[in-house]
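Following: one structure in structure tokens, then a few remarks.
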Amino acid sequence: MFDLDKLTRKNIKALQPYSSAREEFKGRADVYLDANENSTGSVLNGYNRYPDPLQKKLKEKIGAIKGIGADRIFLGNGSDECIDLLFRCFGEPGTDNAIICPPTYGMYEVSANINAIGVRKVPLTTGFDLDEAAILSAVDEHTKFIWICSPNNPTGNTMNTAVVERLLQTFDGLVIVDEAYIDFSGKQGWLPALGKYGNLVVLQTSSKAWGLAGLRLGMAFASPAIVGILNKVKPPYNVNDATQELVLRALANMEDAAARIDTIISERGSLEKKLSQLDIVEHIYPSAANFLLVKVKQASTLYKKLLGAGIVVRDRSREQNCENCLRITVGTKQENEKLIQTIQQYQGEFL
Ligand SMILES: *Cc1c(COP(=O)(O)O)cnc(C)c1O
């Protein structure tokens, strides 16, 4: 059964974390001479003070939006920081391993490699769903993580709920469900299951549906115990003040985000329809995200033609079961039209 104490690395359990000035004194004062900041200010007329290390205001706002207690929220400098911290807190370098299910987001493997965590690849089925039996047989006594991306990048589909649920019930390491694209899926996702499963970690991000990729804010939702361990290991001021302030401002207007999500979902439908009418397109995978995985004739040639026309898409042809597949982000109406026109112009050359 799941035992967080057993899962956590010994050095992390023993770690006496760095105590920052902003953590040691939490009250309000008139004069702050405790952190060697520049008391005269800055040319920006602000930002001379260190940010809140635990991002309390932001967590309260996010908690209210997501319907979850602030004590179950960890914030990182992008999801990528959350991924790295999970490996560092719970994976013993050189000993432990993680299961990933390709084709999927590349950072799980890169981050595992950086942290000397073994990577066990259990490919998704040809329908891009989880292969439950293969995952279970890949688990050994050093398997600490199962990484699940749902909706998955680059395939766009969500993963079978019953399989994820059984993995949560039977696997005694962490099941991490990366929901970077959940707001485009129309599905609720795994946040409501957090109270039930102590081994569940849900990752989300401000980079996609909220449109704030440049600010770098990733979210990990988990038990208060897991959040406490991540907080102990993170750099003290990992989420900067401008980001905390700007994201808070953005989240005061959730109607704007909701409208953008609706626009993207509707554009996704139109783009899919127009692409499906092109002779060069062989298959479009159903998408619950803000991109489409599109199988074409001669992906790498088309990719270069598009580049020549100033349009960048992602060539995913070398990923498992993605031969001749391009991953195309849903753009604005105008951008999508330009894409379609450009493909129409060139497709005769391939047919
Ligand atoms: C885009 C994306 C993220 C977001 O990463 P950030 O570091 O938060 O920008 C996370 N996971 C997946 C699967 C993604 O595609």
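Answer yes if at least one residue in region 33-42 is in contact (Cβ under 8 Å) with a residue 40 or more places away in the chain and out of contact with any strand residue (DSSP E or B) (no Cβ under 6 Å at 6 or more places or on another chain), and no otherwise. No: region 33-42 contains no residue that is in contact (Cβ under 8 Å) with a residue 40 or more places away in the chain and out of contact with any strand residue (DSSP E or B) (no Cβ under 6 Å at 6 or more places or on another chain). In region 195-234, which residues are more than 10 Å from the ligand (Cβ to nearest atom), basic (K, R) and closer than 17 Å to N77 by Cβ? If the condition is that a residue be more than 10 Å from the ligand (Cβ to nearest atom), basic (K, R) and closer than 17 Å to N77 by Cβ, then K232, K234 are the ones that fit. Take the residues of region 263-286 that are closer than 24 Å to G211 by Cβ and small (G, A, S): which is farthest from the chain's Cα centre (by Cα)? The residue in question is S270. Here region 46-71 is the region considered, the condition is being crowded, with 21+ Cβ neighbours inside 10 Å and not aliphatic (A, V, I, L, M), and the residue that is farthest from G173 (Cα to Cα) is Q55. List every residue pair whose Cβ atoms sit under 9 Å apart, with the two residues 6 or more apart in sequence or on different chains, where the first one lies in region 291-319 and is touching a residue at least 24 places away in the same chain (Cβ under 8 Å) and the second, anywhere, is part of a strand (DSSP E or B) and of a type in the set (F, W, Y). Correct list of pairs: R314/F291. Of all residues in region 80-115, those being part of a helix (DSSP H, G or I), buried (at least 22 other Cβ atoms within 10 Å of the Cβ) and touching an Asp or Glu at 6+ places or on another chain (Cβ under 7 Å) number 1. Among the residues of region 13-33, those that are closer than 30 Å to I226 by Cα and either surrounded by 10 or more Cβ atoms within 10 Å (Cβ to Cβ) or among the basic types (K, R) (or both) comprise K13, L15, P17, Y18, S19, S20, A21, R22, E23, F25, K26, R28. Looking across region 150-188, the residues that are among the charged types (D, E, K, R), part of a loop (DSSP other than H, G, I, E, B) and closer than 22 Å to D262 by Cβ come down to E179, K187. The number of residues in region 122-140 being under 19 Å from L293 (Cβ atoms) and loosely packed, with under 15 Cβ neighbours inside 10 Å comes to 3.
Conditions (1) of a type in the set (D, E); (2) surrounded by 17 or more Cβ atoms within 10 Å (Cβ to Cβ); (3) in contact with a helix residue (DSSP H, G or I) (Cβ under 8 Å, 6 or more places away or on another chain); (4) in a strand (DSSP E or B), marked per residue:
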| residue | (1), (2), (3), (4) |
| --- | --- |
| L275 | no, yes, yes, no |
| L306 | no, yes, yes, no |
| Q320 | no, no, no, no |
| L326 | no, yes, yes, yes |
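Just so you know, all these numbers are worked out from the coordinates, no wet-lab data involved. Note that the structure is predicted; figures quoted are calculated from it, not measured. Cβ atoms come from the backbone with ideal geometry, glycine included; neighbour counts cover every protein chain shown.
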